[in-house]
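Notes follow once the structure below has been shown.
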Amino acid sequence: MSGEEAIEPAAGKRPPDAQEFTIRAVIAGMLVAAIIGGSYPYVVMKLGFGPNISVVSAFFGYLMLGILFKSFNRWENNIVQTAGTSAGQTAFLCVLMAAFDFLAQDPDLGFTMQLRPMQAFAWLTCAGALGVFLAVPMRRHFVVDEKLAYPDGIAAAQTLIVLDSRGTEARDVAKAMGVGTGLSAVMMIVREDARVLPASMWRLPEMLAAPWASGPPLAVGISWSLLNLGSGMLVGMRINTSMMIGMVTSWIVIGPMLHERGIVEELTRRNVTLWVMWPATGMLIAGGLTALALRWKILVKTFRNLSGAAVGSEDFPTRWVIGGIVLSSLALILVQRFMLDMPVWMTIVAIIFTIPLMLVGLRVLGETNWGPISALSNMMQAVFGLIAPGNVAANMVASGVTGSVASESEGSCRTTRPGTSSGARRST
């Protein structure tokens, strides 16, 4: 049997006798979700971003299912990685909880809102459910119809396939994946803890910064990560080049120019970010909405396919989507009104403005493998800065709605891509 023949059976559709939603898959999914959900806040707060958890969840699922059960298959593991990814997307919102704590520490703001555990649970559950329902038609549009990459999802799909494969070549691929995982872990340890590498940031030579600034050169850097290297290979040169141009423009051109003209006193990341964040966010949102408008025919086709979907088909019925959106929106309105003292009209406005921001986030994630949750939340803060000036509590709650919806909708597309690419689509 050739190598291609050895791997091909694992890349096909689910055999009739292969079970998917099983008790052991559910138990393993709960355990993996607990591990990811418990550890992810630390990872996010330490690194400042949320790394790939779909592949990690799939690998944990293999450890819990593949080693203990010979009849294990990737369709069961897809259930596990979906649970782990969902838990991680929710745990990512620890950034939002931290923002509440930081604001409360500044007495000049007069911010006294403190989220109790039950309040946080009810609030994030309702907002997260709304994000999942809003993402249903959009994930078909972006993943199935437009076929955006979602590199994290593709990597998770290949992980599911390889760990479920048979044959010599499949084992070689699994070994290669293991070596890459080990090297990536070692580099992360060296970079974050041992500090053996020169630094995670590479300082530009003075000769490059001198033409634009009379002060010290701006510290611009490269995040040394094999994960980023692999993601860049999946994304492609067009997107990589575009992101590099944005980096050079923001940090090498605009930063020193602001310092030379006395607009910023020190060339620090925080000072430059305050000036480049808002134009960049505006460009991101305008570009995302323009791309969506130019592909309106594909969007119409998506909703037509969903309108004809029946219960039990591969598509989620439209009436279920609409019902879920209405119920989760009502629940969110009630929770924010009676638990967070947010006026009803403000919650409605936040939901309305969140929808286009969510669409932008899904497209950006699909093309670049980077979910701009913070940027979208910042944009909602700007909106409520105009709607309710001086109301810090309303501003934070509204941005939390956007962050929750964006996080869970992006998680839905991340888990849909592995199912689509590995033949396990129905389980997503």
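Calculated FRET efficiency, THR249 and LEU226, Cβ-Cβ r, R0 30 Å, to nearest 0.05?
Values: r = 27 Å, r/R0 = 0.89.
The calculated FRET efficiency here is 0.70.
What is the spin-label model distance, in nm, from LYS147 to ARG337 if the labels are put 7 Å beyond Cα along the C-beta direction?
It is 4.7 nm.
Show me the trypsin sites (Lys or Arg not before Pro) within the stretch 59-153 that DSSP assigns to loop and that have at most 11 other Cβ atoms within 10 Å of their Cβ.
Of the trypsin sites (Lys or Arg not before Pro), the ones in loops of the stretch 59-153 whose Cβ has at most 11 other Cβ atoms within 10 Å are LYS70, LYS147.
Spelling out what I want: for every residue of the stretch 85-98, take phi, set θ = phi - 60°, compute 6.51 cos²θ - 1.76 cosθ + 1.60 (Karplus), and round to whole Hz; glycine and proline get x.
Per residue, the Karplus-derived 3J(HN,Hα) values read 5, 4, 5, x, 5, 6, 5, 4, 6, 4, 4, 5, 4, 5 Hz.
Kindly write out, for the stretch 250-260 in residue order, the coupling ³J(HN,Hα) from the Karplus curve 6.51 cos²θ - 1.76 cosθ + 1.60 (θ = phi - 60°), rounded to whole Hz, with x marking Gly and Pro.
6, 9, 9, 9, 5, x, x, 5, 5, 5, 5
Which lysines does LYS70 reach when only Cα atoms under 28 Å apart count, and residues fewer than 8 places away in its own chain are ignored?
LYS13, LYS175
Laboratory data are not the source of any read-out in this text; all were calculated from the coordinates shown. Computed from a predicted structure; not experimentally measured. For neighbour counting, all protein chains shown are included, and Cβ atoms are generated from backbone atoms with ideal geometry for every residue, glycine included.
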